[in-house]
Amino acid sequence: MKKYIDKNWQNEMKLRLDYNNMLSNYVGGGQGLTEEELEANVKIAEEAFKSFEDIRGSGMTDWVNLPYNQSQIIEDIEKTASEIRQNYEYFVVLGIGGSALGPIAVFNALCHLHHNDLPKEKRNAPKFYVEDNVDPERMVALLDVIEPDKTMFNVVTKSGATSETMAQYLIIVDILKNIYKKDISKHVIATTSASKGNLIKIAKQENLKTFYIPDGVGGRFSELCPVGLLPASVLGIDIGEFLKGAEYMDKLCSTSNFNNNPALASAYLSYLTIKQGKNISVMMPYTDSLKYIADWYCQLWAESLGKEVDKNGNYAYVGQTPVKSLGVTDQHSQVQLYTEGPFDKVVTFIAVDNYRKTVNIPNGCEDIQDVNFLCGHTLNELIQAERVATEYALTKKNRINKTIYLPVVNAFTLGELLFFFELETAYAGEMFNIDTYNQPGVEGGKNATYALLGRKGYEEKAKELKNAPKKSLKYII
Ligand code: PA5
């Protein structure tokens, strides 16, 4: 039996949310929330839970179904992934935003931190790259380190229209066809919408293996569908365990009582503290393996909640600026600001109870006590002590903070964590009464790019850009 089916094991893997330091009697200095405030506003949490339940699983919230409805897809993904592991040296994801940040985060969390540098026999999977930019230098750099004829490219775009991804696709296909004379169907897999966009048309023309992104799953909520599952499976990650973790979190969050629903509690605390002017959310994992989870979270929180209007069309200018940070690294760069700067932040630590490795700090420097005190400890003790100390120092300076604990980083707890953040975001969106799933603010820049590059249908936009006020040389110094 797979261990993650076992209920006792699942309970041992439970994520915990500690929000003591969001409360004013812990944090002091007039900061934080009182028990009375939490009680007085409890309807906000209950109503958000209810309004999310009302839309749950429909429209753009189909992502809640992903832990439950993919058994056939998983079979296909695992079969395809196993073929890729056997036959290809490199696996390259071409995608951006929600089509890239999840695969990067999961790769970093669950694979060796220097995966690509390991010898092949220790890797058990192809070298892995996610190309989420159109920087020409980066594209050339990629081509310097991969062999395209030994590479499987996974082009991922839900809309099938994203310029960055399609530009990369054109470059890769040109190289495969014209330099390597390859049948691209052996080197490109498409992950896209079944019904909309250009990539599905191209995939059919070129006979590409295709995985589908469900219509009701937006980019930033897509890590648990083939967008994330195929790369994860290629890397040898147990995607059944990953989805089971998400399901476990879903079950943990099935009540409108925020005391028993960690994602609802976290959303509620965010909502109330944003109302108190905490405009910045710092996400600070204390492990390198979760560094890119902070990146993924930043997109989810920013793009989902940063909205000009509410659901009724009234100006709302909602949102909270997410900032990624890494413990302990950023203790030596950002923590000064968090401890003494403006009272405009909430810091969320992500702690792990057990690191997957232990490193002893050996004896040495016997006559220098300021160094020698470290000897006999482990790096594990050091990083935990630094996290506890930073939490303490922030709290002592009346800075609100909370901690998410993972028992260990594995596919199950990662599934829990991602689903926790997705639910938290969904609840927060309901509290602010905004559309969590659109991104109209991204369209402005996209349309201007089309106009600048002469795309048909964007002539008016091109005119508008041409007539925009000219920059004055006076202010370019
Ligand atoms: O969350 C989102 O919807 C966006 O970040 C998209 O993922 C991003 O713009 C890429 O879109 P697409 O998958 O259509 O290429």
For I104, the net charge from surrounding residues (Cβ-Cβ under 11 Å; K, R +1; D, E -1) works out to -3
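How big is the shadow of the Cα convex hull of the chain, averaged over all directions, in nm²?
If you wrap the Cα atoms of the chain in a convex hull and average its projections, you get 28.1 nm².
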For region 148-202 and region 105-145, distance of Cα centres in Å:
18 Å
For region 265-349, what is the Kirkwood estimate of the hydrodynamic radius, computed as the reciprocal of the mean inverse distance between distinct Cα atoms, to one decimal in Å?
13.7 Å
Could you calculate the FRET efficiency of Y180 with H114 from 1/(1 + (r/R0)^6), where r is the beta carbon distance between them and R0 is 30 Å, rounded to 0.05?
0.60
If R₀ is 41 angstrom, what is the calculated FRET efficiency for the pair Y317 and N380, using the beta carbon separation as r and rounding to 0.05?
0.40
Residues listed by number, region 375-389, amide nitrogen under 16 Å from Q369 label point at 7 Å toward C-beta:
375
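Below 8 Å between Cα atoms, with a sequence gap of 6+, how large is the relative contact order for region 186-321 in percent?
13 percent
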For the E46, E443 Cβ pair and Förster radius 35 Å, calculated FRET efficiency rounded to 0.05 is 0.55
Within region 15-41, list the residues whose amide N lies under 20 Å from a label point set 7 Å along Cα→Cβ of N257.
15-20, 35-41
Within the chain, which is the longest segment that contains none of the GluC sites (Glu not before Pro) sitting in a DSSP loop with at most 16 other Cβ atoms within 10 Å?
90-365
Return the Rg/Rh ratio of region 64-239 with Cα-based radii and a Kirkwood Rh.
0.93
Over the chain, calculate the relative contact order: mean separation of alpha carbon pairs under 8 Å at least 6 apart, over the residue count, as a percent.
22 percent
May I ask for the longest run of the chain untouched by trypsin sites (Lys or Arg not before Pro) that are loop-located per DSSP and have at most 11 neighbouring C-beta atoms (other than their own) within 10 Å?
3-180
Computed over region 196-240, the distribution of all Cα-Cα distances in 5 Å bins, rounded to whole %, is 5, 19, 23, 22, 20, 9, 2
When a/c reaches 1.5 or more, the comparison of a/b and b/c decides; with that in mind, is region 257-315 rounded, prolate or oblate per its Cα gyration tensor?
oblate
Once fully extended, how much extra length lies between Q205 and E35, figured as 0.36 nm per residue of separation less the alpha-carbon to alpha-carbon distance?
55.1 nm
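Using only alpha carbon positions, build the gyration tensor of region 330-477, then give the equivalent ellipsoid semi-axes as the square roots of 5 times its eigenvalues, largest first, whole angstrom.
47, 24, 18
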Expressed in angstrom and rounded, the centroid-to-centroid distance over alpha carbons for region 254-294 and region 20-98 is 11 Å
Once you keep just the Cα pairs under 8 angstrom separated by 6 or more residues, what percentage relative contact order results for region 64-239?
32 percent
Would you mind finding the longest exposed-site-free stretch of the chain, with exposed chymotrypsin sites (Phe, Trp or Tyr not before Pro) meaning DSSP loop and at most 16 other Cβ atoms within 10 Å?
181-342
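The numbers here are math on the coordinates, done by the rules we state, and not lab data. Only a predicted model underlies this, so the values are computations on that prediction, with no experimental measurement involved. Neighbour counts run over all protein chains shown; Cβ positions are idealised from the backbone, glycine included.
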